[in-house]
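Asks: Questions regarding the structure given below will be posed in turn.
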Amino acid sequence: MQLNLKNINFGYDNGIILSDFNLNISANEFVSIVGLSGCGKTTLLNLVAGFIRPSEGVIEFENQKIKGTSSDRVMVFQEDAVFPWFTVFDNVSYSLKIKKNKLDIDFIYDLISDVGLNGFEKFYPKELSGGMKKRVDLARAYAATPKLMLMDEPFGSLDAYTRQKMQQLLLKMWKKNKSTILFVTHDINEAIYQSDRVILMNNEKGNIQKEYYIKIDRPRNQNIKKSTEFIKLWTEIENELLKIENE
């Protein structure tokens, strides 16, 4: 396993968020976390990113205990994180510059091309749409060549059409770069469509309510959301969420 969370407990003065939480994720796996607001989804990402430390338990990445942040683990947030004073090219190449790595211009241009922003290299964020800025976010994250991508509702603020396009783009980037993805979302459709596995979290218990292995063949397109298998999975997860809400 590439990522291991063992007996994790975490909370604040006003209560426990995660309790006896255990999760193993394999290399190159795409795992989505769903659950009601306040169940600890973002807290989980922050723990894996190394922004905060668990009260109890151990988090290991590639057999090494996580003690802080690392360029091997990159977070993509819902809010645009592009620097308004940088061009698209400078935003995407930022992680290489701060690490003082030799700037591989061809690599940066390839990433910009991968996210469909050819010809926008010299544009500033104020000249881009919300979807285009999210493409810059994605390219910049992959410029750091992370082994693990942590994504906290990255497409939550986008309109439905742009969101679908970004889902397809992320799957393309995931396949090409062979990264592992831990993806938080409120959208059950999004979780099923993208993932190998969907984890449903329980607010009251602070741990995993249920896991769903997605056996729908890849590559996937938006039409699978109309399939009997997809609708059955969506219904199962939705019913389990309602069960948690009514407990």
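Every read-out reported here was derived from the displayed coordinates using simple, explicitly stated rules and does not represent laboratory data. Model, not experiment: these values are computed from the prediction. Please note: Cβ atoms are built from the backbone with ideal geometry, for glycine as well, and neighbour counts cover all protein chains shown.
Asks: Within the stretch 121-136, identify whether any single residue is crowded, with 18+ Cβ neighbours inside 10 Å, under 15 Å from the mean Cα position of the chain (by Cα) and of a type outside the set (Val, Ile, Thr), and answer yes or no.
Replies: Within the stretch 121-136 (the criterion being crowded, with 18+ Cβ neighbours inside 10 Å, under 15 Å from the mean Cα position of the chain (by Cα) and of a type outside the set (Val, Ile, Thr)), the answer is yes, since at least one residue qualifies.
Asks: Collect the residues in the stretch 149-164 that are small (Gly, Ala, Ser) and in contact (Cβ under 8 Å) with a residue 40 or more places away in the chain, keeping them in residue-number order.
Replies: Those that are small (Gly, Ala, Ser) and in contact (Cβ under 8 Å) with a residue 40 or more places away in the chain: Gly156, Ser157.
Asks: Restricting the search to the stretch 178-236, which residues are in contact with a strand residue (DSSP E or B) (Cβ under 7 Å, 6 or more places away or on another chain) and without any contact (Cβ under 8 Å) to a residue 24 or more places away in the chain?
Replies: Glu211, Tyr213, Ile214
Asks: For Leu23, are the conditions met, namely being buried (at least 18 other Cβ atoms within 10 Å of the Cβ) and assigned to a helix (DSSP H, G or I)?
Replies: On the way: buried (at least 18 other Cβ atoms within 10 Å of the Cβ): yes; assigned to a helix (DSSP H, G or I): no.
No, not satisfied.
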